There are 2 protein chains.
Amino acid sequence: MKDGPTIAEIAALIGDPARANMLMALMSGMALTAGELAREANITAQTASGHLARLAEAHLILREVQGRHHYFRLAGQDVAGALEGLMELAARHGGLRARPGPRDAAMREARVCYDHLAGTQGVRLHDAVLRQGLVVATVDGLGLSPAGRARFAAEGIDIAAVERPGRPACRACLDWSERRHHLAGRLGAALLQNFQQRGWARRDEGGRTLRFSRAGQAGFENFLAVTVAAPQPIYGG
Amino acid sequence: MKDGPTIAEIAALIGDPARANMLMALMSGMALTAGELAREANITAQTASGHLARLAEAHLILREVQGRHHYFRLAGQDVAGALEGLMELAARHGGLRARPGPRDAAMREARVCYDHLAGTQGVRLHDAVLRQGLVVATVDGLGLSPAGRARFAAEGIDIAAVERPGRPACRACLDWSERRHHLAGRLGAALLQNFQQRGWARRDEGGRTLRFSRAGQAGFENFLAVTVAAPQPIYGG
DNA sequence: CTGTTGTTTCGGCCGCGCCCGAAGCATTCG
DNA sequence: CGAATGCTTCGGGCGCGGCCGAAACAACAG
């Protein structure tokens, strides 16, 4: 009698704290074993097994069996997108009562959030590109300014690819450890890739922590420090 | 000890069938009364009242009291976006076992889905712009082609506004009655607005059904029929 | 004032589903 | 082969939350 499909079932799957914690852990983009995910969610292995089976059956995650280990990862970009949408809603109001961030100091400093830079350095990057006017606030979100296009192109970023539709070029993603926004979207992903290709930073083996090299730290600092001649206006009001 | 905020609470709110049905009803973009929403969800007024209070407390919906009627509407674009993300996931796999579409023939023909055209005509629009190469598939989603920019600009669409970041310019949104995609995103919203401004179609009083005028039907048909000289290639993939 | 309609609050029933203990497979190692 | 590890299935306890009936509250009509 009503339209509307089984969106409720999907949301109910994500709506359980244990499952939500596992999905958030998988937002790092890595594949994790059932045991690791059970520990992430603070539940026993049996309980986790049941949850993972349900998530896999709903095609929210994919299972890959290697020997006696079962690896799980997010089923795709659309799942990550849906989770991001929920994260935005969770962050909007009453974000105060959220739990404290990751304990690991290195992880708090710099880590990967699905495909972009997060942590203290991620927030600094977000603030810097805004302060420099490379990214500007528009009526509803963030966008590249002309100065930003020129600058990022000079840094080796493919601007046409970044501004391709289907996914926002720039996006403010809430940082769980910093309680402030870091830079996500296509630009965030392209910049992280760029940093890694330059050898500025590389991912910790089997973790989401990001480690900057000495030269990389210097290059990154230099990147943050550069200022443009005239600050860009905020268009759209 | 874990990061991850209250995303589970948000998802759990959407994860109840009754609440999900109410939210889907509000995806029409209209404000509906508590009683109407109770009927949409097939529950009694008391139960609906409790649900609506919880949704409002979580800032997923907004309440507006007029006399003895309480009107509710989605809290904003971000809520609609999160719901769309879940709709995509719900549609991806096993969409077969979903319920039949709206009964009303007129509504099945053309209706408003939040801010864009849905129903048979919405699907036709989606197929037409793709067939004509005005919108092309990219590596991850849909985008405007150069021919599309020219054509839509000629139709009176503000291309710069459509391609502004923060929301995809083009987007395929699953149509519940047709089980196929219709055109959403900024372009979908701009086109619906354009059609209404031209007097081609107008919204049914107090409903989401869209009624085309005789001239509007002709103009729309003409719009769909036009073909470009050379079909645009699909880039990126 | 009384009566009607729309909405909310209260109280209690009841079932879904989350959870863990125990046991059963599967894989690897010695 | 038996022991250890990783994961799954089975069974049952139990608590959270959705649901409705009854009643109170609010707005309007007469």
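The values are calculated or read from the model by the stated rules, or taken from the named source; none is laboratory data. Predicted model, so just to flag it, every value in this text is computed and none were measured. With ideal geometry, Cβ positions are generated from the backbone for all residues, glycine too; neighbour counts draw on all protein chains shown. What goes into the accessible areas is simple: the full protein's heavy atoms, side chains included, and nothing from ligands, DNA or RNA. Shrake-Rupley method; radii C 1.70, N 1.55, O 1.52, S 1.80 Å.
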### Task
Please specify each residue of the range A:135-156 satisfying the condition of being in contact with a Gly (Cβ under 9 Å, 6 or more places away or on another chain), within 13 Å of chain B (Cβ to nearest Cβ), of a type in the set (A, V, I, L, M) and crowded, with 18+ Cβ neighbours inside 10 Å.
A:Val135, A:Val136, A:Leu142
### Message
Every residue in the range B:36-86 that is assigned to a strand (DSSP E or B) and not aliphatic (A, V, I, L, M), please.
### Response
B:Arg63, B:Glu64, B:Gln66, B:His69, B:His70, B:Tyr71, B:Phe72, B:Arg73
### Message
Going through A:Gly29, A:Gly35 one at a time, which residue ends up being more than 10 Å from chain B (Cβ to nearest Cβ) and near DNA strand D (Cβ under 8 Å from one of its atoms)?
### Response
A:Gly35
### Task
Mind listing whichever residues of the range B:69-78 are open to solvent by less than 20 Å² (accessible area, probe 1.4 Å) and touching a residue at least 24 places away in the same chain (Cβ under 8 Å)?
B:Phe72, B:Leu74
### Task
State whether one or more residues within the range B:15-30 are within 30 Å of A:Tyr114 (Cβ to Cβ), assigned to a helix (DSSP H, G or I) and within 11 Å of DNA strand C (Cβ to nearest atom).
yes
#### Entry: Hits in the range B:46-75 - residues which are at pLDDT below 90 and at positive phi
B:Gly67
### Message
Just the residues that are more than 7 Å from DNA strand C (Cβ to nearest atom) and among the basic types (Lys, Arg), please, taken from the range B:31-73.
### Response
B:Arg39, B:Arg54, B:Arg73
### Query
Looking at the range A:46-68, which of its residues are over 24 Å from A:Cys113 (Cα atoms) and open to solvent by 70 Å² or more (accessible area, probe 1.4 Å)?
A:Gln46, A:Arg54, A:Glu57, A:Val65, A:Gln66, A:Gly67, A:Arg68
### Query
If you take the residues in the range B:198-218 that are at negative phi and part of a loop (DSSP other than H, G, I, E, B), which one is nearest to the chain's Cα centre (by Cα)?
B:Arg208
### Message
Conditions first: (1) over 15 Å from A:Thr6 (Cβ atoms); (2) modelled with pLDDT under 85. B:Glu88 passes all but one, so which condition is the exception?
### Response
(1)
### Query
How about the range A:178-197: which of its residues are open to solvent by 60 Å² or more (accessible area, probe 1.4 Å) and outside any loop (DSSP other than H, G, I, E, B)?
A:His181, A:Gln193, A:Gln196, A:Gln197
